[in-house]
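**Student:** One structure is given below, represented as structure tokens, and several questions about it will come after.
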Amino acid sequence: QVQLVESGGGLVQAGGSLRLSCAASERTFSIFRMGWFRQAPGIEREFVASISWSTRSAYHADSVKGRFTISRDNAKNTVYLQMNSLKPEDTAVYYCAATRVTRATLLVPDVDYWGQGTQVTVSS
């Protein structure tokens, strides 16, 4: 059982930056990709970005492309989401995800493990 622990959320003004971290309890070779999803009140959980553990293959949703960057540190079993130029519509709970799926764009059913979520609030 892989446990994922997020950190780094908080309150920021529009145009500001935050960096989220997701530490995995272990590096299992069955997990191929790590990713981030987000969920705002009353809205379905949506895919944000994903990255391969073994390569540096990364993919970002169109809504965050050019503003957010996913990265990983294999030595620390940690994945990051650098969020720049934040907008009020980025306000959501952000969830870290781990999956055996190799596809770059992830769906909620693809996820094998979820983190507990971290709140990101962007004020206008």
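**Student:** If you go through the range 1-19 one residue at a time, how many are closer than 12 Å to A97 by Cβ, part of a strand (DSSP E or B) and of a type in the set (A, V, I, L, M, F, W, C)? Steps first, please.
**Tutor:** First, the residues of the range 1-19 that are closer than 12 Å to A97 by Cβ: 2, 4, 6.
Among the residues that remain, those that are also part of a strand (DSSP E or B) are: 4, 6.
Retained after the next criterion (residues that are of a type in the set (A, V, I, L, M, F, W, C)): 4.
Matching residues across the range 1-19 total 1.
**Student:** For the range 7-27, name all the residues that are open to solvent by 30 Å² or more (accessible area, probe 1.4 Å) and of a type in the set (S, T, Y).
**Tutor:** The answer is S7, S17, S25.
**Student:** Further, regarding this structure: Among the residues in the range 19-36, are any under 20 Å from S123 (Cα atoms) and touching an Asp or Glu at 6+ places or on another chain (Cβ under 8 Å)?
**Tutor:** Filtering the range 19-36 down to residues under 20 Å from S123 (Cα atoms) leaves 19-20.
Okay, now just the ones that are also touching an Asp or Glu at 6+ places or on another chain (Cβ under 8 Å), so 20.
For the range 19-36, residues under 20 Å from S123 (Cα atoms) and touching an Asp or Glu at 6+ places or on another chain (Cβ under 8 Å): present.
**Student:** When you go through W36, W53 one by one, which is the residue that is at pLDDT below 95 and either under 18 Å from W114 (Cα atoms) or surrounded by 14 or more Cβ atoms within 10 Å (Cβ to Cβ) (or both)? Show your work before the answer.
**Tutor:** On the way: W36 fails: at pLDDT below 95.
Result of the check over W36, W53: W53.
**Student:** Given the criterion of a type in the set (A, V, I, L, M, F, W, C), in a loop (DSSP other than H, G, I, E, B) and open to solvent by 70 Å² or more (accessible area, probe 1.4 Å), identify the matching residue among I31, I43. Outline the logic, then answer.
**Tutor:** Working: I31 fails: open to solvent by 70 Å² or more (accessible area, probe 1.4 Å).
Exactly one residue qualifies, and that residue is I43.
**Student:** Is it the case, given these coordinates, that V93 is assigned to a strand (DSSP E or B), over 15 Å from T55 (Cα atoms) and at pLDDT 95 or above?
**Tutor:** Details: assigned to a strand (DSSP E or B): yes; over 15 Å from T55 (Cα atoms): yes; at pLDDT 95 or above: yes.
Yes; evaluated as a whole, the condition is true for this residue.
Yes/no matrix, rows are residues, columns are (1) open to solvent by less than 30 Å² (accessible area, probe 1.4 Å); (2) of a type outside the set (G, A, S); (3) out of contact with any Pro (no Cβ under 6 Å at 6 or more places or on another chain):
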residue: Q82; (1), (2), (3): no, yes, yes
residue: L86; (1), (2), (3): yes, yes, yes
residue: T91; (1), (2), (3): no, yes, yes
residue: Y95; (1), (2), (3): no, yes, yes
residue: R100; (1), (2), (3): no, yes, yes
residue: T105; (1), (2), (3): no, yes, yes
residue: Y113; (1), (2), (3): no, yes, yes
residue: V122; (1), (2), (3): yes, yes, no
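**Student:** Taking the condition within 18 Å of S21 (Cα to Cα) and part of a loop (DSSP other than H, G, I, E, B), does R56 pass? Reasoning before the result, please.
**Tutor:** Working: within 18 Å of S21 (Cα to Cα): yes; part of a loop (DSSP other than H, G, I, E, B): yes.
So R56 passes the test.
**Student:** Condition test on T69, is it of a type in the set (S, T, Y), more than 20 Å from L4 (Cβ to Cβ), open to solvent by 30 Å² or more (accessible area, probe 1.4 Å) and part of a strand (DSSP E or B)? Working first, answer last.
**Tutor:** On the way: of a type in the set (S, T, Y): yes; more than 20 Å from L4 (Cβ to Cβ): no; open to solvent by 30 Å² or more (accessible area, probe 1.4 Å): yes; part of a strand (DSSP E or B): yes.
Criteria not met by T69.
The values are calculated or read from the model by the stated rules, or taken from the named source; none is laboratory data. It should be emphasised that the depicted structure is a prediction, and the values quoted were computed from it without experimental measurement. Backbone-built Cβ (ideal geometry, glycine too); neighbour counts: all protein chains shown. In case anyone asks, the SASA skips ligands and DNA or RNA and just uses the protein heavy atoms, side chains included. Shrake-Rupley method; radii C 1.70, N 1.55, O 1.52, S 1.80 Å.
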